[in-house]
Structures are given as structure tokens and as C-alpha cells.
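Report on the structure given below.
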Amino acid sequence: MNIDKAVLTFAGFVVLLGLSLGYLVNPYWYLLTAFAGLNMIQASFTGFCPAATVFKKLGVRSGNAFS
């Protein structure tokens with residue numbers, strides 16, 4: 001798995017987790033989903049993604065989008 005796929009998988013997991021916790025526990029968890037969405041928009045404009053930085057430090061190989 002490369003960084004691109006790892007970031008997309010992680011983002012999808014965070015979105016689904018935020019939606020599930022918002023529905024089952026407390027609506028404030030929807031803010032987690034909003035944060036994930038805003039971070040994806042920010043990364044598309046700037047090319048900087050904190051999750052990609054973490055995955056790179058963990059030794060995940062580079063991809064096309066995040067190198």
C-alpha cells in the first residue's frame with residue numbers, strides 16, 4: 001500500500017467513524033466528519049496532508065499525490 005491509498009483509507013475511516021459516533025453517541029461527533037472534509041479540501045489546494053506526513057514517517061512508500 002502506498003501513501004495515497006493509506007490516506008484515502010484513513011480519511012474514509014474517519015468520516016465513517018464520525019458519522020457513526022454522531023448518530024449513536026452525540027451529535028458533536030459530526031464535527032470530526034467536518035474536520036476530515038475540510039482537511040481533504042485543504043490538502044487538495046496546498047498539497048500538505050498531516051496524515052501523509054505521519055504515514056511517510058511510519059515507512060509507507062510514496063505514491064503519486066503525496067511524495
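Name every residue in region 40-55 that is in a helix (DSSP H, G or I) and surrounded by 11 or more Cβ atoms within 10 Å (Cβ to Cβ), in order of residue number. Break it down stepwise before answering.
Here is the first cut: in region 40-55, the residues in a helix (DSSP H, G or I) are 40-46, 50-55.
Those that are in a helix (DSSP H, G or I) and surrounded by 11 or more Cβ atoms within 10 Å (Cβ to Cβ): 40, 42, 43, 50, 51, 52, 53, 54, 55.
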Next item on the list: Give the residue that is farthest from residue 11 (Cα to Cα), with candidates limited to residues of region 32-57 that are at pLDDT below 95 and among the hydroxyl-bearing types (Ser, Thr, Tyr).
Entry: 46
Checklist line | Test result for residue 62, loosely packed, with under 12 Cβ neighbours inside 10 Å and out of contact with any Leu (no Cβ under 6 Å at 6 or more places or on another chain) | finding: no
Next item on the list: Report, ordered by the first and then the second residue, all pairs with beta carbons closer than 6 Å, sequence separation of six or more or different chains, a first member in region 1-28 that is farther than 19 Å from residue 55 by Cα, and a second member that is part of a helix (DSSP H, G or I) and modelled with pLDDT of 95 or more.
Entry: 18/29; 18/32; 18/33; 19/33; 21/29; 22/29; 22/30
Note to self: For residue 37, only one of the following conditions fails: (1) in contact with a strand residue (DSSP E or B) (Cβ under 8 Å, 6 or more places away or on another chain); (2) not in a loop (DSSP other than H, G, I, E, B). What is its number?
What the structure shows: (1)
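The values are calculated or read from the model by the stated rules, or taken from the named source; none is laboratory data. Computed from a predicted structure; not experimentally measured. Cβ atoms come from the backbone with ideal geometry, glycine included; neighbour counts cover every protein chain shown.
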